[in-house]
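Below: one structure, written as structure tokens.
The values are calculated or read from the model by the stated rules, or taken from the named source; none is laboratory data. The model shown is predicted, which means the values in this text are computed figures rather than measured ones. All Cβ positions, even for glycine, are placed from backbone atoms using ideal geometry, and neighbour counts span all protein chains on display.
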Amino acid sequence: MIISESELLNRMSPERLRHTLSCAESAVKLAERHGADEKYALDAALLHDITRDLSFKNQLKICREHDIILSDIHKKSPALLHAITGSVIAKTEFSAPDPVCDAIRWHTTGRAGMTLLEKIIWVADFIEPGRTGEHVKAVRDAAFSDIDRALLLGIDATIRYLILKSGYIDTDTVEARNEVLKTRKELF
Ligand SMILES: [Fe+2]
Ligand SMILES: [Fe+2]
């Protein structure tokens, strides 16, 4: 393991640790099912929320220290920022390989051109056993047979949720959705 349970607990709440470990379990199962690298899936899931419980101020500090230029939206959104700072910490503190850092970087918004590992981490984060609700069940049902379909259902549910609460929809999320539609026309 790239990080121990006790080290995770030093950096996050017990509830976040539970989510992280459940996400790791789902990610490894999905990697096994879809033929992705299981160690990468495990490491990316274990580190995906490594900065989620850091203060916003400390996350901005990480960005400054690593010369990361943030958009105005990122400067206001802890939910989006933790994917960026998480991937930085994965690289600098844990020497995680690039595919793992990329899976962490895109686990919140998705993006066009997602790798299989990136899709697996996005979906595992969405379906881990602690997540509940009708829309989660549909994604979970699809996840082991068709990862693209699961991703699309999950993105659709996320966009619907963001619209309902008048939230910002990241353009990367829209691009991730459109690419699945383009490459898997038969799905819909
Ligand atoms: Fe996250
Ligand atoms: Fe998460």
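Yes/no per residue for (1) more than 23 Å from ALA24 (Cβ to Cβ); (2) free of Cβ contacts under 8 Å to residues at least 60 places away in the same chain:
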{"position": "LYS91", "(1), (2)": "no, yes"}
{"position": "THR132", "(1), (2)": "no, yes"}
{"position": "LEU164", "(1), (2)": "yes, yes"}
{"position": "ASP170", "(1), (2)": "yes, no"}
Report task. Select, from THR85, THR92, the only residue that is outside any loop (DSSP other than H, G, I, E, B), surrounded by fewer than 24 Cβ atoms within 10 Å (Cβ to Cβ) and of a type outside the set (A, V, I, L, M). Result -> THR92
Requested in this report: Considering each residue of the range 142-162, count those that are closer than 18 Å to SER26 by Cα and of a type outside the set (A, V, I, L, M), and give that number.
Outcome: 6
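Here are some residues: LYS182, LYS137. Which one is basic (Lys, Arg), assigned to a helix (DSSP H, G or I), over 15 Å from the mean Cα position of the chain (by Cα) and more than 25 Å from LEU47 (Cα to Cα)? Let's see the steps before the verdict.
Working: LYS137 fails: more than 25 Å from LEU47 (Cα to Cα).
Only one candidate qualifies: LYS182.
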Query raised in the report: Quick check: anything in the range 112-120 part of a helix (DSSP H, G or I), without any contact (Cβ under 8 Å) to a residue 40 or more places away in the chain and within 20 Å of LEU17 (Cα to Cα)?
Result: no
Query raised in the report: In the range 123-152, what count of residues is obtained for those that are under 14 Å from HIS19 (Cβ atoms), surrounded by fewer than 22 Cβ atoms within 10 Å (Cβ to Cβ) and aliphatic (A, V, I, L, M)?
Result: 1
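Just checking, does the range 68-84 include any residue being of a type in the set (Gly, Ala, Ser), within 19 Å of GLU118 (Cβ to Cβ) and within 16 Å of ligand 2 (Cβ to nearest atom)?
Just the residues of the range 68-84 that are of a type in the set (Gly, Ala, Ser), to begin with: 71, 77, 79, 83.
After this cut, where a residue has to be within 19 Å of GLU118 (Cβ to Cβ) as well, the list is 79, 83.
Then keep just the ones that are within 16 Å of ligand 2 (Cβ to nearest atom); that gives 79, 83.
Checked the range 68-84: at least one residue is of a type in the set (Gly, Ala, Ser), within 19 Å of GLU118 (Cβ to Cβ) and within 16 Å of ligand 2 (Cβ to nearest atom).
From the list HIS66, HIS48, which residue is touching a helix residue (DSSP H, G or I) at 6+ places or on another chain (Cβ under 6 Å), surrounded by fewer than 16 Cβ atoms within 10 Å (Cβ to Cβ) and not acidic (Asp, Glu)?
Numbers: HIS48 fails: surrounded by fewer than 16 Cβ atoms within 10 Å (Cβ to Cβ).
Going through HIS66, HIS48 in turn, just one is touching a helix residue (DSSP H, G or I) at 6+ places or on another chain (Cβ under 6 Å), surrounded by fewer than 16 Cβ atoms within 10 Å (Cβ to Cβ) and not acidic (Asp, Glu): HIS66.
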Report task. Any residue in the range 143-154 that's part of a loop (DSSP other than H, G, I, E, B): show its pairings with residues that are charged (D, E, K, R) at Cβ separation under 6 Å, as long as the two are six or more apart or on different chains. Result -> PHE144/ARG33
**Report entry** Any hit, the range 65-78, residues being farther than 30 Å from ALA143 by Cβ, at pLDDT 95 or above and in a helix (DSSP H, G or I)
**Finding:** yes
